[in-house]
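The values are calculated or read from the model by the stated rules, or taken from the named source; none is laboratory data. Since this is a predicted model, take the numbers as computed values, not measurements. Cβ coordinates were reconstructed from backbone atoms using ideal geometry, including for glycine residues, and neighbour counts include every protein chain displayed. Surface accessibility is based on the protein's heavy atoms, side chains included, excluding ligands, DNA and RNA. Shrake-Rupley method; radii C 1.70, N 1.55, O 1.52, S 1.80 Å.
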Amino acid sequence: MSSTLSRSFDEATATIEPWKRPLLLTHAKPDGDALGAMVAMFSSLQQRGVNPVAIVFDDIPDRYRFLIDATPVQRLGKDVALNDLSTLDLDGVIVLDTCSYGQLEPVAHWLRESPLPKFVVDHHMTRDELADGYLLDNTASAACLILWEWFQHEGVTINPTMAKALYVGIATDTGWFRHSNTDARTLSAATELVRSGVRPFAMYDALFQHESSARFRLRAAVTSKLELLADDAIAVMTLPAALLSETGATLSDTEDLVNEPLRISATVASVFLAEHEGDVIRAGFRSRAPLTDGAPDVDVAAVAKHFGGGGHRRASGARISATLEDARRQVVEHLTSIIEHRKA
Ligand SMILES: [Mn+2]
């Protein structure tokens, strides 16, 4: 990365300080951290009298609605068109929870061409040189953790909306403080957010105990079709569009299902492939540290990169242009070769 890379909170503040109408963007298929970061950033800007525009590329999963109810998040292609962006008087772009054009596909071309100054806050390993300023930290468990520390450094008032949003981002990106990225830094931020009024149970209840019956049925349907390969080391779940409509679920209902097979003791890598818009397959990859010495350890950031996507060592994703069956074959071949290679 170039010398423009900056982890300095002061520089970050100085960069966005003059902006009065920044565009806030986050990655496709927004998750708790993406939306949490967007809501918290939006609110902190508003407190300073700034009037941001927040745009997402996909429908927001129902379970995150409580998070964004006070934030005017617009859906590209529904509430706002790509061509409208030039009419919004934007003076900057803040990209949250991704630093990869691949994750910003619907506006990637626009971003590349736009003369607007750009700033990124992210914790992923996969990075494109897409901005003029950065707040990057791949040791942070969540983009919301970076934001929290930045806001603390600047003495920003954390209002209840921001506290909830930051907590949800941190809690969801750590799998409710279960994943390997959960560290003291994460827990102390969570502690402070709870001290400021966040009620963890209320957040958990809103996120995980308000599922639609369609999502519950979807989980059952894809779980019943689970494939285990390479002595159970690899788990594969596929979701044909027909199954989606059969269960009445939507693509956003697939979130997190890729994690389920990692409950199996021998499984070290899990992939979820969902049919999406013609011949594009959305692939989610997860891995975990092997439980026994010498067992294969799969870096799914590299796996996603192989398929034109990106992410973290333990969680990543890609969009594969292929039929579902073809994508499945390619992914299985690739994962199997990694595992065979590691065993050899
Ligand atoms: Mn994140």
**Wholly enclosed helices (runs of 4 or more DSSP H) of region 168-225 bearing at least 2 residues within 16 Å of the ligand (Cβ to nearest atom), small (Gly, Ala, Ser) and within 20 Å of the chain's Cα centre (by Cα)** = 184-195
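Per-residue answers, yes or no, for (1) assigned by TED's automatic domain parsing to the domain that holds residue 256; (2) within 16 Å of the ligand (Cβ to nearest atom); (3) part of a helix (DSSP H, G or I); (4) open to solvent by 30 Å² or more (accessible area, probe 1.4 Å):
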{"position": "42", "(1), (2), (3), (4)": "no, no, yes, no"}
{"position": "66", "(1), (2), (3), (4)": "no, no, yes, yes"}
{"position": "71", "(1), (2), (3), (4)": "no, no, no, no"}
{"position": "111", "(1), (2), (3), (4)": "no, no, yes, no"}
**Every pair of residues 6+ apart whose Cβ atoms lie under 9 Å, when the first sits in region 71-91 and is under 15 Å from residue 111 (Cα atoms) while the second is in a loop (DSSP other than H, G, I, E, B) and among the aliphatic types (A, V, I, L, M)** = 90/116; 91/116
**Prompt:** Taking residue 292, is it open to solvent by less than 50 Å² (accessible area, probe 1.4 Å), of a type in the set (Ser, Thr, Tyr) and more than 19 Å from residue 309 (Cα to Cα)?
**Reply:** no
**Request:** Of the conditions (1) open to solvent by 10 Å² or more (accessible area, probe 1.4 Å); (2) among the aliphatic types (A, V, I, L, M); (3) in a loop (DSSP other than H, G, I, E, B), residue 14 clears all except one; give me its number.
**Result:** (3)
**Asked** Can you name the condition, by its number, that residue 237 falls short on among (1) within 20 Å of the chain's Cα centre (by Cα); (2) part of a loop (DSSP other than H, G, I, E, B); (3) assigned by TED's automatic domain parsing to the domain that holds residue 329?
**Response** (2)
**Item:** Members of region 113-127 that are open to solvent by 10 Å² or more (accessible area, probe 1.4 Å) and within 16 Å of the ligand (Cβ to nearest atom)
**Value:** 124, 125, 126, 127
**Prompt:** So which residues in region 81-94 are away from the ligand (no atom under 16 Å from the Cβ) and surrounded by 20 or more Cβ atoms within 10 Å (Cβ to Cβ), if there are any at all?
**Reply:** 92, 93
**Request:** Answer yes or no: is there a residue in region 241-256 that is open to solvent by 60 Å² or more (accessible area, probe 1.4 Å), small (Gly, Ala, Ser) and on the phi < 0 side of the Ramachandran plot.
**Result:** yes
**Close pairs from region 149-160: first of a type outside the set (Phe, Trp, Tyr), partner outside any loop (DSSP other than H, G, I, E, B), Cβ under 7 Å, at least 6 apart** = 153/9; 154/9; 154/13; 156/44; 157/47; 158/151; 159/43
**Item:** Subset of region 44-64 (residues that are of a type in the set (Val, Ile, Thr) and either open to solvent by less than 10 Å² (accessible area, probe 1.4 Å) or part of a helix (DSSP H, G or I) (or both))
**Value:** 50, 53, 55, 56
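For every residue, the table says whether it meets (1) surrounded by 12 or more Cβ atoms within 10 Å (Cβ to Cβ); (2) farther than 18 Å from residue 36 by Cα.
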site: 171; (1), (2): yes, no
site: 176; (1), (2): yes, no
site: 194; (1), (2): yes, no
site: 204; (1), (2): yes, no
site: 212; (1), (2): yes, yes
site: 221; (1), (2): yes, yes
site: 226; (1), (2): yes, yes
site: 231; (1), (2): no, yes
**Fill in**
Within region 95-107, residues open to solvent by less than 10 Å² (accessible area, probe 1.4 Å) and either away from the ligand (no atom under 16 Å from the Cβ) or not in a loop (DSSP other than H, G, I, E, B) (or both) come out as 95, 96, 104, 107
**Message:** Quick test for you: out of 29, 20, 78, pick the one residue that is closer than 22 Å to residue 317 by Cβ and open to solvent by 50 Å² or more (accessible area, probe 1.4 Å).
**Reply:** 29
**Prompt:** For residues in region 128-143 being within 11 Å of the ligand (Cβ to nearest atom) and assigned to a loop (DSSP other than H, G, I, E, B), which is most open to solvent (accessible area, probe 1.4 Å)?
**Reply:** 138
**Prompt:** Does residue 146 count as free of Cβ contacts under 8 Å to residues at least 40 places away in the same chain, surrounded by 18 or more Cβ atoms within 10 Å (Cβ to Cβ) and more than 13 Å from the ligand (Cβ to nearest atom)?
**Reply:** no
**Prompt:** For region 265-274, how many residues meet the condition of being more than 19 Å from the chain's Cα centre (by Cα) and either open to solvent by less than 50 Å² (accessible area, probe 1.4 Å) or among the acidic types (Asp, Glu) (or both)?
**Reply:** 3
